[in-house]
Structures are given as C-alpha cells and as structure tokens.
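Novice: Supplied in structure tokens, the structure appears directly below.
The values are calculated or read from the model by the stated rules, or taken from the named source; none is laboratory data. Bear in mind the structure is a predicted one, so any value in this text is a computation, not a measurement. For neighbour counting, all protein chains shown are included, and Cβ atoms are generated from backbone atoms with ideal geometry for every residue, glycine included. Note: areas computed on protein heavy atoms with side chains; ligands, DNA, RNA excluded. Shrake-Rupley method; radii C 1.70, N 1.55, O 1.52, S 1.80 Å.
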Amino acid sequence: MDIPRSVEEVFRDFKGRRAAMIKALTTDVEKFYQQCDPEKENLCLYGFPSEQWEVNLPAEEVPPELPEPALGINFARDGMQENDWLSLVAVHSDTWLLSVAFYFGARFGFDKADRKRLFNMINDLPTIFEVVTGGSKKQTKEKSSVSNHSSNKSKSNSKRGSMPSKDEDDDGVEEEEDEEYGETLCGACGENYAADEFWICCDICEIWFHGKCVKITPARAEHIKQYKCPSCSNKRARP
C-alpha cells in the first residue's frame, strides 16, 4: 500500500478509513451484523483508505505492519442490545483510527507542530461514536434552529445553498447565518457545509447530510415526505 508521509496524506488516510467504518456501522449495518458471527474466531473491523471495510481475522505477523483494531468484536454481539454493541464497536474504531494516524506520525518523524495540526484536523470531524449514536445532534439542532428551518426540512429546501443574498437581507443577519451554516458538519462524512452542495436533513434526528453521502438526489428528495437517515432507519428492534 502507499504509505502516507505528510500531515495531509495521513489525514486523507484517516478520513478514508473513518468513512469505511461509518459505512459498516450505518448504511451497511445489516451486512456488518451478519458477518460478526459469535461462533467464528476472533474478528476485527478494518477500515481502508479506499473507504471499504472488512470483517476479518487479525494479522498473523508479529508485530503487525499497522496497529490492529479491537479483537473479538463478534463475541459481544449477542450479549448486548444491538445499539449498545454498535456503540462499543464505534468507540474502539475511533481509538484504532487515532492509533494508526499517530503511528504514521511517529514513523515519519512528525514534530510537535505537525502532531498538533494533525490532531486538530482529526478533531474537527465528529467521531464515529458521535455519528453512530447521534451524539453531534445537539450541535446540529442548535445550528438548524438559528435559520428556523423546522418547516423547511421539506426536501425541496434542503439545499441550503439557496440562502437569501446580502442585497435582500440585513448584512449582520446574513453573516450570522453564513457562519452557522459554515460550521455545520455532514453526519456521514464530517465535512463542512458548502453553498454549492445539495444537503438533506433527517426528520428524526435533525442531522444534516450531503445528498451524495446518503445517495439522495434533489429530484428524489422532492418525493420524500419524511426523510430518515441510514442511522435512524436502522434503529429498530431486531427480530
């Protein structure tokens, strides 16, 4: 594999692995759940820079090429409530991602400033645990309430780039709204809001998402009466 050597490369590697693990624990959760059979040997959840995930046995080489994720996640599956188990896997996944990122930092001699910059870049993204449990919901609710979009979550208005122009609105109000929107993060990928992108808000948890991250187009959104994000769609009792 290509070894990341700069802060930016390590952060890209981090984001790819993070996106993969979020996918496993949200949109692909049924498949992930089935693969974590407690009857199998110790299994780990791996995320790759290509945004693909895999449930597999740990590496046999000692010491491994990279730090290894939590071992035996499958054994706890049937002994816990599903949401609690997914939250536990999410916490261990966050820990693994940090260990991999700072392994690269140590290996390639990042100094104090580089380590701090890397951590700040990582810290600007919601953790996997926050995404899986909706822990960033309070932040998003506060930002959403500023614009009074409670009735505008109908999906034709979920493209938040269509905000009033400064010619039409008071400059101070407009700047405040721009700042609020600019700080809003996508619940799937953790990236900031951009005015030229289509966004959609979950009617259950009120978290905003890039349309591309949840595979919703503006045309499709027009026909959705109540949108549920992947995480909320999966929060149902398992038979």
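Novice: Here is a check on your reading of the model: is Pro58 touching a residue at least 12 places away in the same chain (Cβ under 8 Å), over 19 Å from Gly190 (Cα atoms) and within 22 Å of the chain's Cα centre (by Cα)?
Specialist: In short, no.
Novice: Does Phe119 satisfy the condition of being open to solvent by less than 50 Å² (accessible area, probe 1.4 Å) and modelled with pLDDT of 50 or more?
Specialist: No.
Novice: Filter region 1-17 for residues that are aliphatic (A, V, I, L, M), open to solvent by less than 30 Å² (accessible area, probe 1.4 Å) and either part of a loop (DSSP other than H, G, I, E, B) or in contact with a strand residue (DSSP E or B) (Cβ under 6 Å, 6 or more places away or on another chain) (or both) and give the result.
Specialist: none
Novice: Residue by residue through region 87-106, note down the ones that are free of Cβ contacts under 8 Å to residues at least 40 places away in the same chain and either over 18 Å from Thr127 (Cβ atoms) or not in a helix (DSSP H, G or I) (or both).
Specialist: Once the filter is applied, which keeps residues that are free of Cβ contacts under 8 Å to residues at least 40 places away in the same chain and either over 18 Å from Thr127 (Cβ atoms) or not in a helix (DSSP H, G or I) (or both), region 87-106 yields Tyr103, Ala106.
Novice: Can you give me the ranges of the helices (runs of 4 or more DSSP H) entirely in region 169-239 with at least 2 residues that are at pLDDT 70 or above and over 21 Å from the mean Cα position of the chain (by Cα)?
Specialist: So the answer is 218-221.
Let's see how each residue does on (1) surrounded by fewer than 19 Cβ atoms within 10 Å (Cβ to Cβ); (2) in contact with a Gly (Cβ under 7 Å, 6 or more places away or on another chain); (3) among the charged types (D, E, K, R):
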position: Glu51; (1), (2), (3): yes, yes, yes
position: Pro63; (1), (2), (3): yes, no, no
position: Leu71; (1), (2), (3): yes, no, no
position: Asn74; (1), (2), (3): no, no, no
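Novice: Kindly provide the set of residues from region 18-49 that are surrounded by fewer than 16 Cβ atoms within 10 Å (Cβ to Cβ) and assigned to a loop (DSSP other than H, G, I, E, B), ordered by number.
Specialist: Within region 18-49, Asp37, Pro38, Glu39, Lys40, Glu41, Asn42, Phe48 meet the criteria.
Novice: Consider Ser99 carefully, then state whether it is within 20 Å of the chain's Cα centre (by Cα), polar (S, T, N, Q), surrounded by fewer than 16 Cβ atoms within 10 Å (Cβ to Cβ) and within 30 Å of Glu41 (Cβ to Cβ).
Specialist: yes
Novice: Please state which of the following conditions Asp84 fails to meet, knowing it meets all the rest: (1) outside any loop (DSSP other than H, G, I, E, B); (2) open to solvent by 70 Å² or more (accessible area, probe 1.4 Å); (3) more than 24 Å from Cys232 (Cβ to Cβ).
Specialist: Unmet for Asp84, out of (1) outside any loop (DSSP other than H, G, I, E, B); (2) open to solvent by 70 Å² or more (accessible area, probe 1.4 Å); (3) more than 24 Å from Cys232 (Cβ to Cβ): (3).
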